1. With a 1.4 Å probe and all protein chains in place, put Arg133, Arg119 in order of accessible area, largest first.
2. Whole-Hz ³J(HN,Hα) for each residue in the range 92-107, computed from phi via Karplus 6.51 cos²θ - 1.76 cosθ + 1.60 with θ = phi - 60°, x for glycine and proline: what do you get?
3. First select every other residue whose beta carbon is under 15 angstrom from the beta carbon of Asp55; then total the charges, Lys and Arg +1, Asp and Glu -1.
4. Grab the other residues whose beta carbon is less than 14 angstrom from that of Thr32, score K and R as +1, D and E as -1, and report the net.
5. Heavy atoms only, probe 1.4 Å: what % of the accessible area of the range 1-127 goes to carbon and sulfur, would you let me know?
6. Please work out the average accessible area per residue across the range 89-138, using the 1.4 Å probe convention, and give it in Å².
7. Calculate, in nm to one decimal, what Thr62 and Ala14 gain on full extension: separation in residues at 0.36 nm each, minus their alpha carbon distance.
8. How big is the accessible area of Thr6 in square angstrom, nearest 10, if you roll a 1.4 angstrom probe over the protein chains?
Amino acid sequence: GALRGTVEVEGVAALNDMEAIARKGDTLYIATSLSRNKSGRFPETRRQLVRAVADGQALRRTASIDMYGALEAALRSDPGDAGAWLRSAAANGSLDMEGIALDGRGLLLGFKAPLLRGRAVILRVHDRDALLRGAPLSASGVSLWRAVSLELPGSGARSGISDLLVHGHMLHMTG
């Protein structure tokens, strides 16, 4: 296909390393990577989840949050696998989210890195719109939804997630 142009999201000054878009009707959810850049910096523009609505040929921001900050605050004291995984990723700077998908009122977040015991991590935020309205994300509001084994064909090497898509009632992923 051919690129026919670009669309700016009205109300968003900048996004850096935009990784994923999920859509429900005229509402789009846009996520950045939640990862550090090559220089090791972690600007706010790489930590975002944005909700926008399509308004004709334009997109208008209706909400945005620091998704990394929300996850970190929620899982800071979580004794389970999700909390330990995120604290380790935060400490060594390895967090890298690549895909999002809508799941009822929830939002699935698929991670390229780090792996959890050789498996790709999918977290579930249970109420995405409450989060985007400003409700604090608690440990009970996010969970380890799945840790999936993705092997590269022919090599046996493990891979993280590169994209998520819900079609019907089926979640598809690429690694």
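1. Arg133, Arg119
2. Per-residue couplings from phi come out as 9, x, 9, 5, 8, 9, 10, x, 10, 8, 7, 9, x, 7, x, 9 Hz.
3. For residues surrounding Asp55, the net value is +1.
4. Values: positive: Arg36, Arg41, Arg46, Arg47, Arg51, Arg61, Lys112; negative: Asp17, Glu19, Glu44, Asp66, Asp96, Glu98.
Taking every Cβ under 14 Å from that of Thr32, the sum is +1.
5. Values: 2990 of 6500 Å².
Whole-percent figure for carbon plus sulfur exposure: 46.
6. Averaged over the residues of the range 89-138, the accessible area is 39 Å².
7. Between Thr62 and Ala14, full extension yields 15.8 nm more.
8. Counting only protein heavy atoms, Thr6 exposes about 130 Å² to solvent.
The values are calculated or read from the model by the stated rules, or taken from the named source; none is laboratory data. Please read all numbers here as calculations on a predicted model, not as lab measurements. Because the Cβ atoms are built from the backbone with ideal geometry, glycine has one as well, and the counts that use them run over all protein chains shown. Just so you know, the surface numbers come from the protein's heavy atoms only, side chains and all, with ligands and any DNA or RNA stripped out. Shrake-Rupley method; radii C 1.70, N 1.55, O 1.52, S 1.80 Å.
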